[in-house]
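A.B. asks: Would you mind keeping the following structure in view while I ask a few things?
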Amino acid sequence: MLIGSVGVGGILMVPALIYLAGIDIHIAIASCLFSYAFNGLIGAFLYARQGSIRWSSGLWLCAGAMPGAWLGATLVNQLDGVWVAMIIATFVLFAAINSIRSEQNKDDQQQINNEAVTRFNSPVPLLSIGLVTGAGSALSGSGGPLILVPALVWLKWPVLTAVGLGQLIQIPISLLADVANFQARAVDIPLGMAIAATVTVGVAIGAKIAHRQPAALLRKLVIMALLFAAGWMILHSVMELLVDT
């Protein structure tokens, strides 16, 4: 619902599964990543119908994301759960800070820098951005848009293009992360399918809510939830490290 209403919220899925449902952190990440292929297919299809996906850029981004996703998933399965939680907390905090900045710089984000778009629309920059997005998404279980969309918007790309590419990049990230996660036997397929189905329904509900409630209020609530989740995960991880030592 948060994804559909204000575009932020997927990053809260892994912390919710860990602390509210009691699911192992590695299984939570792997199962979320498994579900993103379905969400990405639907999102990419909808944005492609509106002509909001720049395919020439998307293919290079996806090519870079594939090895990054495999490496990130391989690494996260070898890390202790406490350190994985700290990584996720960092990404949750990043999402909160980016949401705050987005509120403060709405006018600036509407000004498209064509020179910057051209400069970062060649293979090497796109492959690099895709690689970082893939690795970070697989490490945090965030799927792709959380990292890619703010990066492209910061580079003054059109917002709809950035969001459309964020939908597209979920597909290769999910598929390549699945390879490493299945090898580690970390994927809970029924859980992943349930996440995919309920997220799809939630997005539809969230889209309706967005048109009935003040967007500013919803975004502030999301920022508060992100800050709380990041703080809780950091505190919990630090306490576990202190107990272990």
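A.B. asks: Please list, in chain and number order, the residues 5+ apart from G144 or on another chain whose amide H is under 5 Å from its amide H, with Hs placed from the backbone.
C.D. replies: Long-range HN contacts for G144: none found.
A.B. asks: Can you tell me which of 24-34, 234-244 comes out highest on packing, and rank the rest after it, using the mean Cβ neighbours within 10 Å?
C.D. replies: 24-34, 234-244
A.B. asks: Which shape class applies to the range 166-206: rounded if a/c is under 1.5, otherwise prolate when a/b exceeds b/c and oblate if not, where a ≥ b ≥ c are the square roots of the Cα gyration tensor eigenvalues?
C.D. replies: It comes out oblate by the Cα gyration axes.
A.B. asks: In whole Hz, with x marking every Gly and Pro, tabulate ³J(HN,Hα) for the range 126-131 from phi via Karplus 6.51 cos²θ - 1.76 cosθ + 1.60, θ = phi - 60°.
C.D. replies: For the range 126-131, the Karplus-derived couplings read 5, 4, 5, 4, x, 4 Hz, x marking Gly and Pro.
A.B. asks: Shape verdict for the range 10-72, please, from the Cα gyration tensor: rounded (a/c under 1.5), prolate (a/b greater than b/c) or oblate.
C.D. replies: oblate
A.B. asks: Amide H of L79 versus every other amide H placed in the peptide plane: which residues, excluding those fewer than 5 positions away on the same chain, fall under 5 Å?
C.D. replies: none
A.B. asks: What ³J(HN,Hα) values, in whole Hz, does the Karplus curve 6.51 cos²θ - 1.76 cosθ + 1.60 give for the range 34-44 when θ = phi - 60°, with x put for Gly and Pro?
C.D. replies: Those phi angles translate into 4, 6, 5, 4, 5, 4, x, 4, 5, x, 5 Hz.
A.B. asks: Another one. Select from M1, L17, M193 the residue farthest towards the positive end of the dipole of the chain; place +1 on Cβ of Lys and Arg, -1 on Cβ of Asp and Glu, and compute about the Cα centre.
C.D. replies: Most positive-ward Cα: M1.
A.B. asks: While we're here: Ignoring everything except DSSP H segments at least 4 long, calculate the 222 nm mean residue ellipticity for the chain; use -39,500 (n - 2.57) per segment, divide by total residues, nearest 500.
C.D. replies: -27000 deg cm²/dmol
A.B. asks: With the dipole of the chain worked out from charges on the C-beta (+1 for Lys and Arg, -1 for Asp and Glu) around the Cα centre, which of M233, G164, A138 lies farthest toward the positive end?
C.D. replies: With unit charges placed on the Cβ atoms, the residue in question is G164.
A.B. asks: Quick one: 3J(HN,Hα) in Hz for the range 147-158, Karplus 6.51/-1.76/1.60 with θ = phi - 60°, rounded, Gly and Pro as x.
C.D. replies: Listing the rounded values in order: 8, 5, 4, x, 5, 5, 5, 4, 7, 6, 6, x Hz.
A.B. asks: Take the Cα gyration tensor of the chain, multiply each eigenvalue by 5, square-root it, and list the three semi-axes largest first, rounded to whole angstrom.
C.D. replies: 27, 21, 18
A.B. asks: What's the local net charge at R185, with K and R +1, D and E -1, over the other residues with C-beta under 15 Å away?
C.D. replies: It works out to a net charge of -3.
A.B. asks: So, one more: Suppose every Lys and Arg Cβ carries +1 and every Asp and Glu Cβ carries -1, with no other charges. What dipole size does the chain come out with about its Cα centre, to the nearest 20 debye?
C.D. replies: 780 debye
A.B. asks: Using alpha carbons only, how many degrees (0 to 90, rounded to 10) separate the axis of helix 55-76 from the longest principal axis of the chain?
C.D. replies: Roughly 10 degrees between the two axes.
Coordinate-derived values only; no laboratory data. Because the structure is a prediction, the values reported are computed rather than measured. As a convention, Cβ positions derive from the backbone with ideal geometry for all residues, glycine included, and neighbour counts pool all protein chains shown.
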